[in-house]
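Before any comments, here is the structure.
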Amino acid sequence: MFERKPMVAGNWKMNLNLNGAVELVKTVADGIRGVEGVDVLVAPPFTHMAHVRKAIGNSKIFLSGQNMHWEASGAYTGEISGRMLQEATCTHVILGHSERRLIFGETSENIDLKVKAATFLGLIPIVCIGETLEQREADQTFEVIKEQLDLSLHNFKADELMRPSTILAYEPVWAIGTGRTATPGQAQEVHRFIREWIEKNFNTGTAAQVRILYGGSVKPENIVDLMSKPDIDGALVGGASLKGDSFAQIIRYNEA
Ligand code: PGA
């Protein structure tokens, strides 16, 4: 069986002042010294990026944007391009986070354009999908996930090619910032569904290699159980990534 390297990613959202961001990443770097076999990533606010990069020094922490525009440049006030993220030494970009979809009205069609643009540049997209509580309670979870995948990865489907380095993140909206985590069983069921979708639309090899992260109230107390599931390849962490010690504990989940 193909061994997928786990990833623990911290989405800092619109939090932390510059000093706080630099201190946090230093604490994380200290806290993960000697850790191997887990990819670690942080997604700071754009304006903190250069300082966070400097503070990372030689430690192995990937930098990610939290969003980007699909065009390379132009009259798009308030936006950032993929190339700009790369110039800021980002290797990854989070796309389609539910806060972007729900608060800022991003559609799966927008996200598809962003995924295409990021991939073209060689930026690795972390594409987020997930159902709302209403949709889960109406038994629409799989339908919603399938539609988000079909539309957000439409260009991949048209090209019949999905790079195995692409990362997906299943983040049930009802579990984000609520303290209410999906049970490992609930998460595994959706992760399995996503992997089968990749297999159906691309091929078995790609499905075996693409990492699917779980996000939604991940903390040191629940990471071990989540990671015990075969299709959960890591975590996209919000709140608990803002504290260096708890984030490092999540990254060190296999030492628990
Ligand atoms: P949370 O956020 O860990 O605070 O629930 C997760 C996310 O939004 O990526």
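The values are calculated or read from the model by the stated rules, or taken from the named source; none is laboratory data. Just so we're clear, the structure is a prediction, and the values are computed from it rather than from any experiment. Heads up, the Cβs are rebuilt from the backbone with ideal geometry, glycines too, and the neighbour counts pull from every protein chain shown. Areas reflect the complete protein model, heavy atoms only, side chains present, ligands, DNA and RNA absent. Shrake-Rupley method; radii C 1.70, N 1.55, O 1.52, S 1.80 Å.
Does A235 satisfy being within 15 Å of the chain's Cα centre (by Cα) and part of a strand (DSSP E or B)?
yes
One line per residue, one yes/no per condition, for (1) open to solvent by 40 Å² or more (accessible area, probe 1.4 Å); (2) modelled with pLDDT under 95; (3) assigned to a loop (DSSP other than H, G, I, E, B); (4) touching a Leu at 6+ places or on another chain (Cβ under 9 Å):
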| site | (1), (2), (3), (4) |
| --- | --- |
| D112 | no, no, no, yes |
| T119 | no, no, no, no |
| Q135 | yes, no, no, no |
| I145 | no, no, no, no |
| M162 | no, no, yes, yes |
| S165 | yes, no, yes, no |
| R192 | yes, no, no, no |
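Touching a His at 6+ places or on another chain (Cβ under 9 Å) and assigned to a strand (DSSP E or B): is that true of A169 in this structure?
yes
From the set of residues in region 62-99 that are open to solvent by less than 50 Å² (accessible area, probe 1.4 Å) and among the aliphatic types (A, V, I, L, M), which is nearest to the chain's Cα centre (by Cα)?
Ranking the candidates gives I94 first.
Which pairs have Cβ atoms under 6 Å, sit 6 or more apart or on different chains, and link a residue in region 110-131 that is closer than 23 Å to V190 by Cα to one that is assigned to a helix (DSSP H, G or I) and within 15 Å of the ligand (Cβ to nearest atom)?
Qualifying pairs under 6 Å: G130/S98; G130/V173.
Among the residues of region 175-187, is there at least one that is of a type in the set (D, E, K, R) and modelled with pLDDT of 95 or more?
no
Right, D225: away from the ligand (no atom under 15 Å from the Cβ), part of a helix (DSSP H, G or I) and under 23 Å from G20 (Cα atoms) or not?
Considered against the rule, which asks whether it is away from the ligand (no atom under 15 Å from the Cβ), part of a helix (DSSP H, G or I) and under 23 Å from G20 (Cα atoms), D225 comes out as no.
Identify the residue in region 200-232 that is over 14 Å from the mean Cα position of the chain (by Cα) and open to solvent by less than 20 Å² (accessible area, probe 1.4 Å) and, among all such residues, is farthest from E160 (Cα to Cα).
In this case the residue turns out to be I223.
For I126, are the conditions met, namely being out of contact with any helix residue (DSSP H, G or I) (no Cβ under 6 Å at 6 or more places or on another chain), aliphatic (A, V, I, L, M) and open to solvent by less than 20 Å² (accessible area, probe 1.4 Å)?
Criteria met by I126.
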